[in-house]
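Peer 1: Questions regarding the structure given below will be posed in turn.
The values are calculated or read from the model by the stated rules, or taken from the named source; none is laboratory data. Note that the coordinates shown come from a computational prediction; the quantities given were computed from them, not determined experimentally. Cβ coordinates were reconstructed from backbone atoms using ideal geometry, including for glycine residues, and neighbour counts include every protein chain displayed. To get the accessible areas, we keep the full protein, side chains included, count just its heavy atoms, and leave off ligands, DNA and RNA. Shrake-Rupley method; radii C 1.70, N 1.55, O 1.52, S 1.80 Å.
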Amino acid sequence: MKVSREQAALNRERIVDVAARLFREKGYDGIGVADLMKNAGLTHGGFYGHFASKEDLMIEACQHALNKSLDGWRAKVASDPQRALPAIIENYLTTRHRDQPGGGCPAAAMGVDVARMSPGARPAFTQATQQQFALLQGLLPDGAPEEQRQQAIATFAAMVGAIVLARSVDDEALSAEILDAVKAQLLPD
């Protein structure tokens, strides 16, 4: 049975959305095409009608997740520009974010996978990371633009690193301590 263009577009969107979540939860190698399609409610055979390879899907899913992350940050800026930076940091460095990678930051969940993939996977990640740096830079108080950029990079790197480390240890107290320590450094009283 032939699927309409509209339905095909909806199916592709669903595949990308599911893949973005599952790649963040399980990693690139942690989920196969058949299971991915099953989670999207579609058959395995339909995959190659949408994507040339699993890596192509990963690239699109990564871009999708990065755009959603940026949209969330932009919404915080739009709702309260003065409080946006602390709100972003406080929301990011939580046990909820640590424990729910499927809906969390793509950099913390997918960065290592992207680094191991072909060079074609990196441009979208690079572009989104540059946008995150620019957004954070625009929220920083005083300072020369070069200093603000360095601070934005350091802030984002600390946030991502804290989540990665907090997810990696098997000691709940240490995991929380990592998140709290980085939060305290980024949000001094």
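Peer 1: Determine the dipole magnitude for the chain: charges of +1 sit on the beta-carbon of Lys and Arg, -1 on that of Asp and Glu, nothing else is charged, the reference point is the Cα centre, and the result goes in debye to the nearest 20.
Peer 2: My answer is approximately 760 debye.
Peer 1: What relative contact order, as a whole-number percentage, does the chain give when Cα pairs under 8 Å and 6 or more residues apart are counted?
Peer 2: Relative contact order here is 23 percent.
Peer 1: Another one. Listed highest first by mean packing, meaning other Cβ atoms within 10 Å per residue, what order do 77-85, 54-62, 125-133, 140-148 come in?
Peer 2: Top to bottom by mean Cβ count within 10 Å: 54-62, 125-133, 77-85, 140-148.
Peer 1: When the Debye formula is applied to the Cα atoms of region 58-132, each taken as the same point scatterer, what base-10 log of I(q)/I(0) results at q = 0.12, 0.22 Å⁻¹?
Peer 2: So the normalised log intensities work out to -0.35, -1.01.
Peer 1: Considering all projection directions equally, how large on average is the shadow of the alpha-carbon convex hull of region 76-184, in square nanometres?
Peer 2: Its Cα hull, projected and averaged over all orientations, spans 7.6 nm².
Peer 1: A further question follows. Per residue, how much accessible area does the chain have with a 1.4 Å probe, in Å²?
Peer 2: Per residue, the chain has an accessible area of 55 Å².
Peer 1: Quick one: 3J(HN,Hα) in Hz for region 3-10, Karplus 6.51/-1.76/1.60 with θ = phi - 60°, rounded, Gly and Pro as x.
Peer 2: 9, 5, 4, 5, 5, 4, 5, 5
Peer 1: While we're on this one: How large is the convex hull of the C-alpha atoms of region 1-95 per residue, in Å³?
Peer 2: 114 Å³
Peer 1: Show me 45-53, 96-104 ranked by packing, highest mean number of other Cβ atoms within 10 Å first.
Peer 2: 96-104, 45-53
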